[in-house]
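Working notes, structure below.
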Amino acid sequence: MPKILNVDELAKTYQSGSKKLKVLDGISFAIEAGDTFSIVGPSGSGKTTLLGLCAGLDTADTGKVELCGSDIGNLNEDERALLRNREVGFIFQDFQLLPTLTALENVSVPLELQGDASAKERSIGLLKKVGLEERLDHYPSQLSGGEQQRVALARAFSNKPSILFADEPTGNLDEETGEKVIKLLFELNKEAGTTLVIVTHDLELAQRTQHILRLKGGKIIANEKVILT
Ligand SMILES: Nc1ncnc2c1ncn2[C@@H]1O[C@H](COP(=O)(O)OP(=O)(O)OP(=O)(O)O)[C@@H](O)[C@H]1O
Ligand SMILES: [Mg+2]
């Protein structure tokens, strides 16, 4: 299988006041198209930062990220946005829903902006899938944390991404809803071949993916192939 993501010797430093903080150092790994992959590690180990770099939301100091055949270090901001629109779904740890848009609009507006005539219909279908058909007209402030997370999930599916990055997708959900969301993610992987890259603290969830990358202090301490039972 071709590699959908190739990460080579990635490093990222944040400047905070006069201090420099090296958050990622010497990160190299690759993911094959269609694989399921999880990233685990303690709080502050660089998981969210790494996910953002892989998805082309941010750029590294040194090293290379090749996403769907493009070296994203060679793309300008517009080109990266285009690549993300075409290929990438992203579920943020803090959802990042637009507060002035309803649940339905949060899912449908990005599609409408891309000129998709069936945006509304598709978005309603996606919100039904995550169990929110009764909440279409609610604003984010009128939704529980778990409901907001499910809107974020529906939005991440909306462009039929070839690779979906999910930052703690079950972090705010009760066990039953969390299991539903995980099932949906794995279904998407099976049915559409969507590559899944999941950051999680849930080791049971990690064991259900084909590969586990362990981060600590901004470095990879293990890259394991999981024997799925
Ligand atoms: N914009 C920023 N400016 C400065 N420091 C940052 C910035 N973003 C993150 N950091 C720091 O980088 C480190 C890694 O952050 P990151 O969010 O990637 O960790 P994480 O592994 O996702 O943690 P968690 O499990 O708590 O979500 C942290 O120490 C954090 O304080
Ligand atoms: Mg994080």
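The values are calculated or read from the model by the stated rules, or taken from the named source; none is laboratory data. Everything numeric in this text was worked out from a predicted model, so none of it was measured. Backbone-built Cβ (ideal geometry, glycine too); neighbour counts: all protein chains shown. Quick note on the areas: whole protein, heavy atoms, side chains included, nothing else; ligands and nucleic acids left out. Shrake-Rupley method; radii C 1.70, N 1.55, O 1.52, S 1.80 Å.
So the values come out like this:
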read-out	value
Table column - 3J(HN,Hα) (Hz), segment 80-95, Karplus curve with 6.51, -1.76, 1.60, x for Gly and Pro	5, 4, 5, 4, 4, 4, 6, 10, 10, x, 9, 10, 7, 4, 10, 6
Shape of segment 1-61, Cα gyration tensor, a/c cut at 1.5	prolate
Computed helical MRE - 222 nm, the chain, DSSP H runs ≥ 4 contributing -39500 (n - 2.57), nearest 500	-10000 deg cm²/dmol
The chain: most fluctuating residue of PHE157, PHE29, PHE165 per GNM, C-alpha cutoff 10 Å	PHE29
Burial order of peptide ranges 39-46, 188-195 (average beta-carbon count within 10 Å, highest first)	39-46, 188-195
Share of carbon and sulfur in the accessible heavy-atom surface of the chain [1.4 Å probe, %]	48 percent
Rounded if a/c under 1.5, otherwise prolate or oblate - segment 41-148, Cα gyration tensor axes	oblate
Shape of segment 125-173, Cα gyration tensor, a/c cut at 1.5	oblate
Semi-axes of the equivalent ellipsoid for the chain, Cα gyration tensor, largest first, Å	28, 20, 18
For GLY89, net neighbour charge (Lys/Arg +1, Asp/Glu -1) across residues whose Cβ lies under 12 Å away	+2
For TYR139, solvent-accessible area (1.4 Å; no DNA, RNA or ligand), Å²	90 Å²
